[in-house]
Amino acid sequence: MNDINEQQVAEAMYAMVKEYHGKKNLKAMDLTKAMIEKFGEACTKDLCKAAIRQLMDSERCTYSYVGGSYIVLPPEKK
Amino acid sequence: MADKKRSTPKLDELEKGPWPSFVKEMKQAAEKSATAADALGILERSYNDKIGHWKHGGIVGVKGYGGGVIGRYNDIPQDFPDVAEFHTVRVNQPAGWFYTSDALRKLCDIWERHGSGLTNMHGSTGDIVFLGTKTPELEPIFSELTEAGFDLGGSGSDMRTPSCCCGMARCEWACYDTMGLTYDLTMHYQDELHRPAFPYKFKIKAAGCPNDCVASVARADLSIIGTWRDNIQMNKDAVAACATGGKVDIGKDVVAKCPSKCMDWDGKNLSIDNGNCVRCMHCINVMPKALAPGKDRGATILVGSKAPIIEGALLSAVMVPFLKLEAPYSDLKELIGAMWELWGEHGKNRERIGEFIQRVGLGNFLEQIGLEPVPEMVTQPRTNPYIFYDVKK
(Lines give C-alpha, C1' and ligand atoms only; values in the text may rest on other atoms or scores of the structure.)
Protein backbone atom coordinates (compact mmCIF):
# COMPACT_ATOMS: atom_id res chain seq x y z
CA MET A 1 0.00 0.00 0.00
CA ASN A 2 1.44 3.38 -1.03
CA ASP A 3 1.54 6.23 1.48
CA ILE A 4 -0.44 9.22 0.39
CA ASN A 5 -0.82 12.50 2.16
CA GLU A 6 -3.37 15.31 2.26
CA GLN A 7 -1.24 17.61 0.12
CA GLN A 8 -0.93 15.07 -2.68
CA VAL A 9 -4.66 14.46 -2.70
CA ALA A 10 -5.37 18.19 -2.66
CA GLU A 11 -3.06 18.71 -5.64
CA ALA A 12 -4.68 15.88 -7.58
CA MET A 13 -8.14 17.24 -6.79
CA TYR A 14 -7.12 20.74 -7.84
CA ALA A 15 -5.79 19.40 -11.13
CA MET A 16 -9.07 17.61 -11.73
CA VAL A 17 -11.18 20.69 -10.94
CA LYS A 18 -9.00 22.69 -13.34
CA GLU A 19 -9.27 20.05 -16.06
CA TYR A 20 -13.05 19.87 -15.84
CA HIS A 21 -13.56 23.61 -15.48
CA GLY A 22 -16.25 24.78 -17.88
CA LYS A 23 -16.98 21.22 -18.98
CA LYS A 24 -18.52 19.53 -15.97
CA ASN A 25 -19.42 20.56 -12.45
CA LEU A 26 -17.82 18.28 -9.88
CA LYS A 27 -19.27 17.49 -6.48
CA ALA A 28 -17.22 16.61 -3.43
CA MET A 29 -18.13 12.96 -3.88
CA ASP A 30 -17.04 13.00 -7.55
CA LEU A 31 -13.60 14.15 -6.44
CA THR A 32 -13.52 11.67 -3.57
CA LYS A 33 -14.39 8.72 -5.80
CA ALA A 34 -11.82 9.80 -8.38
CA MET A 35 -9.09 10.08 -5.74
CA ILE A 36 -9.86 6.66 -4.27
CA GLU A 37 -9.67 5.22 -7.78
CA LYS A 38 -6.40 7.03 -8.45
CA PHE A 39 -4.59 6.37 -5.19
CA GLY A 40 -6.27 3.18 -4.01
CA GLU A 41 -7.35 2.24 -0.50
CA ALA A 42 -4.69 4.38 1.12
CA CYS A 43 -6.78 7.37 0.09
CA THR A 44 -9.62 7.41 2.60
CA LYS A 45 -12.76 9.50 2.56
CA ASP A 46 -11.51 11.40 5.62
CA LEU A 47 -8.29 12.23 3.80
CA CYS A 48 -10.32 13.48 0.84
CA LYS A 49 -12.44 15.58 3.19
CA ALA A 50 -9.33 17.16 4.65
CA ALA A 51 -7.93 17.80 1.18
CA ILE A 52 -11.12 19.57 0.11
CA ARG A 53 -11.01 21.66 3.26
CA GLN A 54 -7.43 22.63 2.46
CA LEU A 55 -8.42 23.68 -1.06
CA MET A 56 -11.24 25.82 0.35
CA ASP A 57 -9.23 27.40 3.17
CA SER A 58 -6.39 28.25 0.78
CA GLU A 59 -9.00 29.70 -1.63
CA ARG A 60 -7.63 27.67 -4.54
CA CYS A 61 -11.16 26.32 -4.95
CA THR A 62 -14.57 27.51 -3.87
CA TYR A 63 -18.11 26.21 -3.63
CA SER A 64 -20.74 27.12 -6.19
CA TYR A 65 -24.44 26.43 -6.19
CA VAL A 66 -26.19 25.45 -9.39
CA GLY A 67 -29.12 23.41 -8.17
CA GLY A 68 -26.65 21.45 -6.06
CA SER A 69 -23.32 22.36 -4.48
CA TYR A 70 -20.17 21.96 -6.57
CA ILE A 71 -16.45 22.55 -6.15
CA VAL A 72 -15.10 25.00 -8.71
CA LEU A 73 -12.26 27.41 -9.35
CA PRO A 74 -12.72 30.84 -7.81
CA PRO A 75 -13.97 33.46 -10.31
CA GLU A 76 -10.65 35.33 -10.58
CA LYS A 77 -8.75 32.18 -11.55
CA LYS A 78 -10.95 31.32 -14.52
CA MET B 1 -35.44 57.58 1.56
CA ALA B 2 -38.20 59.68 -0.03
CA ASP B 3 -36.49 59.73 -3.43
CA LYS B 4 -36.79 55.96 -3.51
CA LYS B 5 -40.48 55.87 -2.73
CA ARG B 6 -42.27 53.83 -5.34
CA SER B 7 -45.93 53.51 -6.15
CA THR B 8 -47.13 50.09 -4.98
CA PRO B 9 -50.91 49.93 -5.49
CA LYS B 10 -51.04 46.12 -5.60
CA LEU B 11 -48.92 45.67 -2.48
CA ASP B 12 -51.02 48.33 -0.75
CA GLU B 13 -53.98 45.96 -1.04
CA LEU B 14 -52.09 43.47 1.11
CA GLU B 15 -51.96 45.98 3.95
CA LYS B 16 -55.73 46.01 4.26
CA GLY B 17 -57.60 43.73 6.61
CA PRO B 18 -57.06 42.69 10.22
CA TRP B 19 -53.85 40.72 9.82
CA PRO B 20 -50.24 41.87 10.19
CA SER B 21 -48.79 42.61 6.78
CA PHE B 22 -45.27 42.02 5.50
CA VAL B 23 -45.83 45.01 3.21
CA LYS B 24 -46.16 47.32 6.20
CA GLU B 25 -42.89 45.98 7.63
CA MET B 26 -41.11 46.32 4.29
CA LYS B 27 -42.34 49.90 3.92
CA GLN B 28 -40.99 50.72 7.37
CA ALA B 29 -37.63 49.21 6.40
CA ALA B 30 -37.70 51.18 3.14
CA GLU B 31 -37.77 54.43 5.12
CA LYS B 32 -34.18 53.70 6.13
CA SER B 33 -32.89 51.32 3.46
CA ALA B 34 -32.65 51.81 -0.30
CA THR B 35 -32.30 48.05 -0.63
CA ALA B 36 -35.61 47.46 1.14
CA ALA B 37 -37.20 50.15 -1.05
CA ASP B 38 -36.06 48.42 -4.22
CA ALA B 39 -37.17 45.05 -2.83
CA LEU B 40 -40.67 46.51 -2.49
CA GLY B 41 -40.46 47.94 -5.99
CA ILE B 42 -39.43 44.70 -7.64
CA LEU B 43 -42.16 42.82 -5.80
CA GLU B 44 -44.79 45.23 -7.15
CA ARG B 45 -43.24 44.78 -10.59
CA SER B 46 -43.54 40.99 -10.25
CA TYR B 47 -47.23 41.31 -9.46
CA ASN B 48 -47.66 43.45 -12.57
CA ASP B 49 -45.53 41.26 -14.83
CA LYS B 50 -46.92 38.04 -13.31
CA ILE B 51 -43.40 36.63 -13.14
CA GLY B 52 -40.71 36.44 -10.49
CA HIS B 53 -37.63 38.51 -11.23
CA TRP B 54 -35.24 36.69 -8.90
CA LYS B 55 -32.56 34.19 -9.84
CA HIS B 56 -30.37 32.44 -7.32
CA GLY B 57 -27.17 30.46 -6.96
CA GLY B 58 -23.69 31.02 -8.32
CA ILE B 59 -20.44 31.52 -6.48
CA VAL B 60 -21.10 33.53 -3.37
CA GLY B 61 -20.27 32.87 0.25
CA VAL B 62 -17.72 33.36 2.97
CA LYS B 63 -14.23 31.92 3.02
CA GLY B 64 -14.10 28.19 3.68
CA TYR B 65 -17.86 27.71 3.88
CA GLY B 66 -20.03 26.20 1.17
CA GLY B 67 -23.31 27.00 2.90
CA GLY B 68 -25.06 29.77 4.75
CA VAL B 69 -25.28 32.28 1.93
CA ILE B 70 -27.72 32.01 -0.95
CA GLY B 71 -26.71 34.18 -3.87
CA ARG B 72 -29.67 36.10 -5.17
CA TYR B 73 -29.84 38.51 -8.11
CA ASN B 74 -32.57 40.16 -10.13
CA ASP B 75 -32.90 40.03 -13.90
CA ILE B 76 -33.73 43.75 -14.30
CA PRO B 77 -30.89 45.42 -12.37
CA GLN B 78 -31.15 48.53 -14.52
CA ASP B 79 -34.57 49.20 -12.97
CA PHE B 80 -33.75 48.04 -9.45
CA PRO B 81 -30.02 48.65 -8.91
CA ASP B 82 -30.16 48.46 -5.13
CA VAL B 83 -31.28 44.83 -5.30
CA ALA B 84 -29.03 43.84 -8.23
CA GLU B 85 -27.45 41.65 -5.54
CA PHE B 86 -29.83 40.65 -2.80
CA HIS B 87 -28.16 37.69 -1.10
CA THR B 88 -29.80 35.75 1.69
CA VAL B 89 -27.77 34.95 4.80
CA ARG B 90 -28.85 32.02 6.94
CA VAL B 91 -27.75 32.27 10.56
CA ASN B 92 -27.75 29.17 12.75
CA GLN B 93 -30.55 29.69 15.27
CA PRO B 94 -30.22 28.66 18.90
CA ALA B 95 -32.00 25.36 19.60
CA GLY B 96 -35.62 26.04 20.49
CA TRP B 97 -35.35 29.64 19.23
CA PHE B 98 -34.63 31.18 22.61
CA TYR B 99 -32.86 34.54 22.62
CA THR B 100 -32.02 37.26 25.04
CA SER B 101 -33.20 40.70 23.96
CA ASP B 102 -29.53 41.67 23.87
CA ALA B 103 -28.75 38.92 21.34
CA LEU B 104 -31.66 39.97 19.14
CA ARG B 105 -30.53 43.60 19.31
CA LYS B 106 -27.01 42.61 18.26
CA LEU B 107 -28.33 40.58 15.33
CA CYS B 108 -30.54 43.44 14.14
CA ASP B 109 -27.74 45.99 14.50
CA ILE B 110 -25.38 43.84 12.43
CA TRP B 111 -28.03 43.41 9.77
CA GLU B 112 -28.96 47.08 9.61
CA ARG B 113 -25.28 47.96 9.20
CA HIS B 114 -24.63 45.48 6.40
CA GLY B 115 -27.95 44.56 4.80
CA SER B 116 -31.49 45.59 4.04
CA GLY B 117 -32.69 45.27 7.63
CA LEU B 118 -35.32 42.78 6.47
CA THR B 119 -35.39 39.50 8.36
CA ASN B 120 -37.39 36.31 8.33
CA MET B 121 -37.65 34.94 11.84
CA HIS B 122 -37.48 32.09 11.12
CA GLY B 123 -37.07 30.37 7.75
CA SER B 124 -38.52 26.93 7.10
CA THR B 125 -35.17 25.38 7.94
CA GLY B 126 -35.37 27.11 11.31
CA ASP B 127 -32.53 29.54 10.65
CA ILE B 128 -32.59 33.24 11.31
CA VAL B 129 -32.85 34.56 7.76
CA PHE B 130 -31.31 37.86 6.75
CA LEU B 131 -32.84 38.99 3.46
CA GLY B 132 -30.80 41.07 1.07
CA THR B 133 -27.17 42.11 1.08
CA LYS B 134 -24.34 42.63 -1.38
CA THR B 135 -21.28 40.43 -1.92
CA PRO B 136 -18.72 42.81 -0.31
CA GLU B 137 -20.78 42.84 2.90
CA LEU B 138 -20.67 39.06 3.41
CA GLU B 139 -17.30 38.74 5.15
CA PRO B 140 -17.97 41.71 7.49
CA ILE B 141 -21.36 40.21 8.39
CA PHE B 142 -19.78 36.82 9.09
CA SER B 143 -17.06 38.39 11.15
CA GLU B 144 -19.49 40.37 13.30
CA LEU B 145 -21.82 37.41 13.68
CA THR B 146 -19.06 35.15 14.95
CA GLU B 147 -17.94 37.87 17.33
CA ALA B 148 -21.49 37.98 18.68
CA GLY B 149 -21.44 34.19 19.14
CA PHE B 150 -23.41 33.22 16.05
CA ASP B 151 -22.48 31.09 13.06
CA LEU B 152 -23.92 30.59 9.59
CA GLY B 153 -26.41 27.81 8.96
CA GLY B 154 -26.60 25.33 6.13
CA SER B 155 -27.57 25.67 2.48
CA GLY B 156 -26.94 23.75 -0.70
CA SER B 157 -26.06 20.06 -0.67
CA ASP B 158 -25.13 19.91 2.99
CA MET B 159 -26.66 19.02 6.32
CA ARG B 160 -29.07 21.87 6.90
CA THR B 161 -29.17 23.58 10.25
CA PRO B 162 -30.79 21.06 12.62
CA SER B 163 -33.88 22.48 14.34
CA CYS B 164 -36.23 21.41 17.09
CA CYS B 165 -39.29 22.30 19.11
CA CYS B 166 -38.86 24.05 22.46
CA GLY B 167 -38.88 20.60 24.09
CA MET B 168 -38.27 20.29 27.80
CA ALA B 169 -37.72 24.04 28.10
CA ARG B 170 -41.43 24.72 27.93
CA CYS B 171 -43.32 21.50 27.29
CA GLU B 172 -44.07 18.72 29.77
CA TRP B 173 -44.76 16.29 26.93
CA ALA B 174 -41.23 16.31 25.57
CA CYS B 175 -40.06 12.71 25.60
CA TYR B 176 -36.39 13.64 25.22
CA ASP B 177 -34.23 16.74 25.35
CA THR B 178 -34.79 18.07 21.84
CA MET B 179 -32.67 21.16 22.45
CA GLY B 180 -29.79 19.15 23.89
CA LEU B 181 -29.86 16.76 20.95
CA THR B 182 -30.08 19.54 18.37
CA TYR B 183 -27.17 21.40 19.90
CA ASP B 184 -25.14 18.19 20.08
CA LEU B 185 -25.83 17.26 16.44
CA THR B 186 -25.09 20.81 15.28
CA MET B 187 -21.70 20.80 16.99
CA HIS B 188 -20.85 17.21 16.05
CA TYR B 189 -21.58 17.70 12.36
CA GLN B 190 -19.96 21.10 11.78
CA ASP B 191 -18.10 19.84 8.73
CA GLU B 192 -21.24 18.41 7.15
CA LEU B 193 -23.09 21.66 7.93
CA HIS B 194 -20.56 24.03 6.39
CA ARG B 195 -18.95 21.99 3.61
CA PRO B 196 -21.48 20.51 1.19
CA ALA B 197 -20.54 16.94 0.31
CA PHE B 198 -23.89 15.21 -0.09
CA PRO B 199 -25.89 14.41 -3.25
CA TYR B 200 -28.43 16.97 -2.03
CA LYS B 201 -29.71 18.65 1.11
CA PHE B 202 -30.26 16.71 4.34
CA LYS B 203 -32.55 18.13 7.02
CA ILE B 204 -32.80 17.03 10.64
CA LYS B 205 -35.70 18.08 12.82
CA ALA B 206 -36.30 17.01 16.40
CA ALA B 207 -39.83 16.95 17.83
CA GLY B 208 -40.28 16.16 21.51
CA CYS B 209 -43.55 14.26 21.20
CA PRO B 210 -45.88 12.88 18.51
CA ASN B 211 -47.64 16.25 18.22
CA ASP B 212 -44.58 17.03 16.10
CA CYS B 213 -44.78 20.81 16.47
CA VAL B 214 -41.86 21.26 14.05
CA ALA B 215 -43.69 19.14 11.43
CA SER B 216 -40.61 16.97 11.14
CA VAL B 217 -42.54 14.09 9.59
CA ALA B 218 -43.17 16.20 6.49
CA ARG B 219 -40.14 18.47 6.40
CA ALA B 220 -37.06 16.54 7.47
CA ASP B 221 -34.95 13.86 5.83
CA LEU B 222 -34.36 12.66 9.39
CA SER B 223 -37.38 13.13 11.64
CA ILE B 224 -36.75 12.44 15.31
CA ILE B 225 -40.11 12.27 17.06
CA GLY B 226 -40.46 11.71 20.80
CA THR B 227 -42.54 8.76 21.98
CA TRP B 228 -42.89 6.36 24.91
CA ARG B 229 -42.91 2.59 25.35
CA ASP B 230 -44.98 2.09 28.48
CA ASN B 231 -48.52 3.12 29.39
CA ILE B 232 -50.08 6.55 29.15
CA GLN B 233 -50.00 8.13 32.60
CA MET B 234 -53.47 8.74 33.99
CA ASN B 235 -54.58 10.94 36.85
CA LYS B 236 -57.99 9.48 37.73
CA ASP B 237 -59.06 12.49 39.81
CA ALA B 238 -58.32 14.76 36.87
CA VAL B 239 -60.27 12.43 34.55
CA ALA B 240 -63.24 12.68 36.91
CA ALA B 241 -62.85 16.47 37.00
CA CYS B 242 -62.91 16.51 33.19
CA ALA B 243 -66.11 14.47 33.20
CA THR B 244 -67.90 16.63 35.75
CA GLY B 245 -66.50 19.94 34.56
CA GLY B 246 -68.61 19.82 31.42
CA LYS B 247 -65.87 21.11 29.13
CA VAL B 248 -64.98 17.70 27.74
CA ASP B 249 -67.37 14.96 26.71
CA ILE B 250 -64.97 12.06 27.25
CA GLY B 251 -67.06 9.59 25.26
CA LYS B 252 -67.59 11.86 22.28
CA ASP B 253 -64.49 14.05 22.28
CA VAL B 254 -61.89 11.52 23.38
CA VAL B 255 -62.90 7.85 23.14
CA ALA B 256 -64.85 8.15 19.88
CA LYS B 257 -61.95 9.99 18.25
CA CYS B 258 -59.27 7.51 19.26
CA PRO B 259 -57.90 6.29 15.88
CA SER B 260 -57.13 2.78 17.13
CA LYS B 261 -60.23 2.53 19.33
CA CYS B 262 -58.10 1.51 22.27
CA MET B 263 -60.04 3.52 24.88
CA ASP B 264 -63.21 2.84 26.77
CA TRP B 265 -65.36 5.11 28.97
CA ASP B 266 -68.26 3.80 31.04
CA GLY B 267 -69.25 7.16 32.43
CA LYS B 268 -67.02 6.81 35.47
CA ASN B 269 -63.84 5.01 34.49
CA LEU B 270 -61.55 5.56 31.57
CA SER B 271 -59.56 2.52 30.46
CA ILE B 272 -56.82 2.35 27.84
CA ASP B 273 -55.59 -0.71 25.98
CA ASN B 274 -52.04 0.64 25.77
CA GLY B 275 -50.87 -2.22 23.55
CA ASN B 276 -53.05 -0.87 20.77
CA CYS B 277 -52.32 2.82 21.36
CA VAL B 278 -50.62 4.43 18.36
CA ARG B 279 -49.38 7.49 20.30
CA CYS B 280 -51.46 9.96 18.30
CA MET B 281 -51.62 12.32 21.32
CA HIS B 282 -55.30 13.19 20.74
CA CYS B 283 -56.52 12.11 24.17
CA ILE B 284 -53.56 13.76 25.90
CA ASN B 285 -54.14 16.99 24.00
CA VAL B 286 -57.83 17.05 24.96
CA MET B 287 -57.24 16.15 28.64
CA PRO B 288 -53.78 17.55 29.40
CA LYS B 289 -54.19 17.44 33.18
CA ALA B 290 -55.63 13.92 33.22
CA LEU B 291 -53.36 12.13 30.75
CA ALA B 292 -49.66 12.32 29.91
CA PRO B 293 -47.10 10.37 27.91
CA GLY B 294 -45.62 7.34 29.69
CA LYS B 295 -42.43 7.42 31.73
CA ASP B 296 -40.27 5.17 29.51
CA ARG B 297 -39.51 7.83 26.95
CA GLY B 298 -37.35 8.08 23.84
CA ALA B 299 -37.93 8.74 20.16
CA THR B 300 -38.96 7.14 16.90
CA ILE B 301 -36.47 7.73 14.09
CA LEU B 302 -38.06 8.29 10.71
CA VAL B 303 -36.39 8.96 7.38
CA GLY B 304 -37.20 10.41 4.00
CA SER B 305 -39.65 13.30 3.98
CA LYS B 306 -39.31 16.17 1.58
CA ALA B 307 -41.30 18.83 -0.24
CA PRO B 308 -41.89 18.42 -3.97
CA ILE B 309 -38.84 19.86 -5.73
CA ILE B 310 -37.47 17.33 -8.21
CA GLU B 311 -39.92 14.53 -7.38
CA GLY B 312 -43.19 14.59 -5.45
CA ALA B 313 -43.59 15.16 -1.72
CA LEU B 314 -42.78 12.35 0.70
CA LEU B 315 -43.47 11.79 4.38
CA SER B 316 -40.85 10.23 6.60
CA ALA B 317 -41.20 6.51 7.33
CA VAL B 318 -40.14 4.63 10.44
CA MET B 319 -36.54 3.45 10.49
CA VAL B 320 -36.14 2.78 14.23
CA PRO B 321 -39.38 2.39 16.22
CA PHE B 322 -37.86 3.33 19.56
CA LEU B 323 -34.51 4.70 20.61
CA LYS B 324 -33.53 5.97 24.03
CA LEU B 325 -32.07 9.35 23.22
CA GLU B 326 -29.44 10.20 25.76
CA ALA B 327 -26.10 11.96 25.32
CA PRO B 328 -23.78 11.26 23.59
CA TYR B 329 -26.41 9.83 21.22
CA SER B 330 -24.02 7.22 19.86
CA ASP B 331 -26.70 4.93 18.40
CA LEU B 332 -28.29 7.78 16.49
CA LYS B 333 -24.95 9.02 15.18
CA GLU B 334 -24.04 5.51 14.08
CA LEU B 335 -27.31 5.29 12.14
CA ILE B 336 -26.83 8.73 10.58
CA GLY B 337 -23.26 7.81 9.60
CA ALA B 338 -24.37 4.57 7.94
CA MET B 339 -27.11 6.30 5.98
CA TRP B 340 -24.87 9.15 4.85
CA GLU B 341 -22.17 6.72 3.77
CA LEU B 342 -24.56 4.77 1.55
CA TRP B 343 -26.55 7.70 0.17
CA GLY B 344 -23.42 9.83 -0.23
CA GLU B 345 -21.74 7.19 -2.35
CA HIS B 346 -24.67 5.94 -4.40
CA GLY B 347 -27.19 8.80 -4.39
CA LYS B 348 -27.69 10.62 -7.68
CA ASN B 349 -27.11 14.33 -7.94
CA ARG B 350 -30.08 16.19 -6.35
CA GLU B 351 -31.60 12.96 -5.06
CA ARG B 352 -32.94 13.23 -1.51
CA ILE B 353 -32.48 10.25 0.76
CA GLY B 354 -36.22 9.44 0.65
CA GLU B 355 -36.07 9.26 -3.13
CA PHE B 356 -32.92 7.18 -2.91
CA ILE B 357 -34.69 4.67 -0.65
CA GLN B 358 -37.57 4.49 -3.12
CA ARG B 359 -35.15 3.88 -5.98
CA VAL B 360 -33.04 1.16 -4.37
CA GLY B 361 -35.85 -0.32 -2.29
CA LEU B 362 -36.24 -0.26 1.48
CA GLY B 363 -35.02 -3.87 1.80
CA ASN B 364 -31.74 -3.13 0.05
CA PHE B 365 -31.31 0.11 1.98
CA LEU B 366 -31.81 -1.61 5.33
CA GLU B 367 -29.45 -4.42 4.41
CA GLN B 368 -26.71 -1.98 3.44
CA ILE B 369 -26.99 0.13 6.58
CA GLY B 370 -27.23 -2.94 8.77
CA LEU B 371 -30.76 -2.55 10.14
CA GLU B 372 -33.09 -5.50 10.63
CA PRO B 373 -36.54 -4.99 9.08
CA VAL B 374 -39.36 -4.73 11.62
CA PRO B 375 -43.14 -4.47 11.11
CA GLU B 376 -43.21 -0.80 12.16
CA MET B 377 -41.28 0.09 9.01
CA VAL B 378 -44.32 -0.63 6.82
CA THR B 379 -45.50 2.72 5.47
CA GLN B 380 -48.89 1.60 4.23
CA PRO B 381 -51.00 -1.58 3.94
CA ARG B 382 -50.01 -3.71 0.97
CA THR B 383 -51.99 -3.15 -2.18
CA ASN B 384 -50.72 -6.09 -4.25
CA PRO B 385 -53.23 -8.95 -3.85
CA TYR B 386 -50.93 -11.55 -5.46
CA ILE B 387 -48.88 -12.19 -2.35
CA PHE B 388 -49.95 -15.14 -0.25
CA TYR B 389 -48.73 -16.32 3.10
CA ASP B 390 -48.82 -19.90 4.29
CA VAL B 391 -50.64 -19.50 7.57
CA LYS B 392 -49.52 -22.98 8.72
CA LYS B 393 -45.94 -21.78 8.80
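The values are calculated or read from the model by the stated rules, or taken from the named source; none is laboratory data. This structure is a prediction, so every number in the text was calculated from the model and none was measured. Note: ideal-geometry Cβ built from the backbone for every residue, glycine included; neighbour counts use all protein chains shown.
Of note:
- Test: residue in the stretch B:299-316 that is among the basic types (Lys, Arg) and at pLDDT 95 or above: no
- For the stretch B:126-163, the set of residues classified as within 15 Å of the chain's Cα centre (by Cα), within 14 Å of chain A (Cβ to nearest Cβ) and more than 15 Å from B:Leu185 (Cα to Cα) consists of B:Ser155 only.
- Within the option set B:Phe130, B:Phe86, B:Phe142, B:Phe80, being aromatic (Phe, Trp, Tyr) and farther than 23 Å from B:Phe22 by Cα holds for one residue only, B:Phe142.
- Residue match in the stretch B:336-347 (condition: of a type outside the set (Val, Ile, Thr), under 27 Å from B:Arg279 (Cα atoms) and in the same structural domain as B:Asp212 (by TED's automatic domain parsing)): yes
- Residue pairs meeting the criteria (Cβ under 8 Å; at least 6 apart or on separate chains; first closer than 12 Å to A:Cys61 by Cβ and more than 9 Å from every other protein chain (Cβ to nearest Cβ), in the stretch A:20-33; second assigned to a loop (DSSP other than H, G, I, E, B) and at pLDDT 95 or above): A:His21/A:Leu73
- All positions within the stretch B:16-38 that are within 29 Å of the chain's Cα centre (by Cα) and of a type in the set (Gly, Ala, Ser): B:Ser21, B:Ala29, B:Ala36
- Hey, B:Ile284 assigned by TED's automatic domain parsing to the domain that holds B:Asn211 and either exposed (fewer than 15 other Cβ atoms within 10 Å of the Cβ) or closer than 23 Å to B:Leu181 by Cβ (or both) or not: no
- Residue within the stretch B:99-109 that is crowded, with 22+ Cβ neighbours inside 10 Å, hydroxyl-bearing (Ser, Thr, Tyr), closer than 30 Å to B:Asp221 by Cα and outside the structural domain of B:Cys213 (by TED's automatic domain parsing) present: no
- Qualifying residue in the stretch B:188-206 (condition: surrounded by 20 or more Cβ atoms within 10 Å (Cβ to Cβ) and over 29 Å from the mean Cα position of the chain (by Cα)): no
- Checked against (1) out of contact with any Pro (no Cβ under 6 Å at 6 or more places or on another chain); (2) of a type outside the set (S, T, N, Q); (3) in the same structural domain as B:Gln28 (by TED's automatic domain parsing), B:Gly153 passes all but a single condition, namely (3).
Yes or no, residue by residue, for (1) closer than 19 Å to B:Gly66 by Cβ; (2) within 13 Å of chain B (Cβ to nearest Cβ); (3) among the acidic types (Asp, Glu); (4) surrounded by fewer than 16 Cβ atoms within 10 Å (Cβ to Cβ):
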site	(1), (2), (3), (4)
A:Ala10	yes, no, no, no
A:Met13	yes, yes, no, no
A:Asp46	yes, yes, yes, yes
A:Gln54	yes, yes, no, no
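- Evaluation of A:Ser69 against the conditions (1) in a helix (DSSP H, G or I); (2) in contact (Cβ under 8 Å) with a residue 24 or more places away in the chain shows that the sole unmet condition is (1).
- Residues in the stretch B:41-64 that are at pLDDT below 95 and touching a Lys or Arg at 6+ places or on another chain (Cβ under 8 Å) were compared, and the one that is surrounded by the fewest Cβ atoms within 10 Å (Cβ to Cβ) is B:Lys55.
- On inspection, B:Asn74 fails the criterion of being farther than 28 Å from B:Ser157 by Cα and either of a type outside the set (A, V, I, L, M, F, W, C) or not assigned by TED's automatic domain parsing to the domain that holds B:Pro136 (or both).
- A:Arg60 vs. criteria surrounded by fewer than 20 Cβ atoms within 10 Å (Cβ to Cβ), at pLDDT 95 or above and at the interface with chain B (Cβ under 10 Å from one of its Cβ atoms): no
- Evaluation of B:Arg352 against the conditions (1) farther than 29 Å from B:Cys175 by Cα; (2) within 14 Å of chain A (Cβ to nearest Cβ) shows that the sole unmet condition is (1).
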